[in-house]
Amino acid sequence: MKNITILGATGSIGSSTLSVISRHPQKFSVFAMSANTNWRSMAELCNKFEPRFAVMSDSVSASKLKHALEIDTIVMSGSEALCEIASHHETDYVMAAIVGSTGMPSALAAANAGKRVMLANKESLVLAGEIFIGAIKKSGAELIPVDSEHSAIFQCLNGDTLSNEKGVATTDEVYSSVVKVQLTASGGPFFRKPIDEFMSITPEQACAHPNWSMGKKISVDSATMMNKGLEAIEAHYLFALHPDQIDIVIHPQSIIHSSVYFKDGSTLSQLGSPDMRTAVSYALSYPTRIESGVSPVDLTKQSLDFYIPDNKRFPCLGLAIDALKMGGCCMGTINAANEIAVSSFLENKIKFLDIHKVIEQTLSLVPFSKNESLAQVMSNDELAREVASEVARSYA
Ligand SMILES: NC(=O)c1ccc[n+]([C@@H]2O[C@H](COP(=O)([O-])OP(=O)(O)OC[C@H]3O[C@@H](n4cnc5c(N)ncnc54)[C@H](OP(=O)(O)O)[C@@H]3O)[C@@H](O)[C@H]2O)c1
């Protein structure tokens, strides 16, 4: 029996995780869960899964949750409590599924404590990739990707002699037989929308993803393709790849989740329905497989199309790749600027087309630093948020 801590239990990935766990009560037990403010959903989840601990980041929501519970779950609040449940000695596996850079410290706490880290929070690697991978290696933790593209690459690599018993980041070895990886992108809701109509895009339209059901922030990131840029950075750290080895292709059906091209001419791809329970179940069951509730695709009823992304349509993608090539603090800077720009857009303060402008200007205004310590990472994140907020205000 494995004790699972779910950081971000009330979100989309949290719910996929609980769905898979519910199918395997003899294998997994929910030890701790977290949310931010959504105490009503958390109360329902606690009453159903009876975790030992529940953490609400927001203290007012924590006291509401305490009053709503009919069971003995211990309720805590604040960011330290998140790190506590992530590193608790009775926690075996941690699902890191808080959205945004707020999810980084608790994911890092799990990495430092030597847990199996099931990483959905890509921002942890975008913000502090080297520090995070360093922590995994030092503590002997397992790092299993949950993002569907990286899970796909991980699964393709496991079919090869490059398989790695402890997840993806425990070796310094650059995968010498890999020519490149190809991340697939759906193209989001605006792949075919005329560019001259982009000015009037609403948050509702941007959140209506054609294939995947996800939280609002990642849905907007998919619409701008910033999500794929962040995933390129994630792939760079997870699989020790040079930026030139990371290719991106639009595949509107979201059936091929990503591919690995090897030097002998082979290409391995992982296929499946666009349902995060597959990647979540693989992270839970690795190196074996368990039932996830997802039906396999029927290839006789499915066409598979591929297109090269258009940089004019998706400028955020180019900005993220530039930041990856620039290195140092630039990845953290675009991540912070993107979080500010997306939340301003979701609050109807700026337009969809302003998102990339906020990111580009923030990147040009925040001075370059190497980001070698966690303190530097955090102070760059703070500065980039201040600058981005100021820039976003100028578009409001
Ligand atoms: N959804 C997907 O299909 C998908 C796929 C691949 C990767 N990911 C990644 O997985 C992560 C989660 O995405 P999601 O779509 O599941 O997000 P989501 O549905 O928006 O859920 C986010 C979760 O994080 C919590 N949270 C939000 N702000 C917080 C804060 N300031 N402090 C602590 N907790 C906070 C939320 O709690 P409340 O409910 O209380 O707000 C909720 O439990 C993201 O990094 C995303 O990029 C998601």
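The values are calculated or read from the model by the stated rules, or taken from the named source; none is laboratory data. No experiment lies behind these values; they were computed from the predicted model shown. Ideal geometry is used to build each Cβ from the backbone, glycine not excepted, and the neighbour counts take in all protein chains shown.
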How do the helices (runs of 4 or more DSSP H) wholly within segment 279-396 filter down when requiring 2 or more residues that are over 19 Å from the mean Cα position of the chain (by Cα) and basic (Lys, Arg): which remain?
374-395
Just give me the residues in segment 6-32 being among the hydroxyl-bearing types (Ser, Thr, Tyr), away from the ligand (no atom under 13 Å from the Cβ) and touching a residue at least 24 places away in the same chain (Cβ under 8 Å), in sequence order.
SER29
Return yes when ILE71 is in contact with a strand residue (DSSP E or B) (Cβ under 8 Å, 6 or more places away or on another chain) and of a type in the set (A, V, I, L, M) and no when it is not.
no
Just to check your reading of the model, which residue among ALA35, ALA86 is under 20 Å from the mean Cα position of the chain (by Cα) and within 10 Å of the ligand (Cβ to nearest atom)?
ALA35
I'm checking my understanding of the structure. Among residues of segment 104-131 that are crowded, with 24+ Cβ neighbours inside 10 Å and of a type outside the set (A, V, I, L, M), which one is farthest from ASN38 (Cα to Cα)?
LYS115
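To keep it simple, each residue is scored yes or no on (1) among the hydroxyl-bearing types (Ser, Thr, Tyr); (2) touching a residue at least 40 places away in the same chain (Cβ under 8 Å).
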site: ASP354; (1), (2): no, yes
site: SER364; (1), (2): yes, no
site: SER369; (1), (2): yes, yes
site: VAL377; (1), (2): no, yes
site: ARG385; (1), (2): no, yes
site: ALA388; (1), (2): no, yes
site: TYR395; (1), (2): yes, yes
Within segment 382-396, residues being at pLDDT 95 or above, surrounded by fewer than 19 Cβ atoms within 10 Å (Cβ to Cβ) and of a type in the set (Gly, Ala, Ser) number 2
If I filter segment 65-73 for residues that are in the same structural domain as PRO105 (by TED's automatic domain parsing), in contact (Cβ under 8 Å) with a residue 24 or more places away in the chain and closer than 23 Å to LEU108 by Cα, do I get at least one hit?
no
Could you tell me which numbered condition VAL99 fails, if it satisfies all but one of (1) part of a loop (DSSP other than H, G, I, E, B); (2) among the β-branched types (Val, Ile, Thr); (3) over 26 Å from THR333 (Cα atoms)?
(3)
Just the residues that are of a type outside the set (S, T, N, Q), in a helix (DSSP H, G or I) and more than 9 Å from the ligand (Cβ to nearest atom), please, taken from segment 139-149.
none
Taking segment 156-211 as the search range and keeping residues that are over 22 Å from the mean Cα position of the chain (by Cα) and surrounded by 18 or more Cβ atoms within 10 Å (Cβ to Cβ), which one is modelled with the highest pLDDT?
ILE201
Filter result (buried (at least 23 other Cβ atoms within 10 Å of the Cβ) and over 13 Å from ILE85 (Cβ atoms)) within segment 11-41
GLY11, ILE13, GLY14, SER16, THR17, VAL20, TRP39
Residue by residue through segment 291-314, note down the ones that are more than 20 Å from LEU183 (Cα to Cα) and surrounded by 14 or more Cβ atoms within 10 Å (Cβ to Cβ).
SER292, VAL294
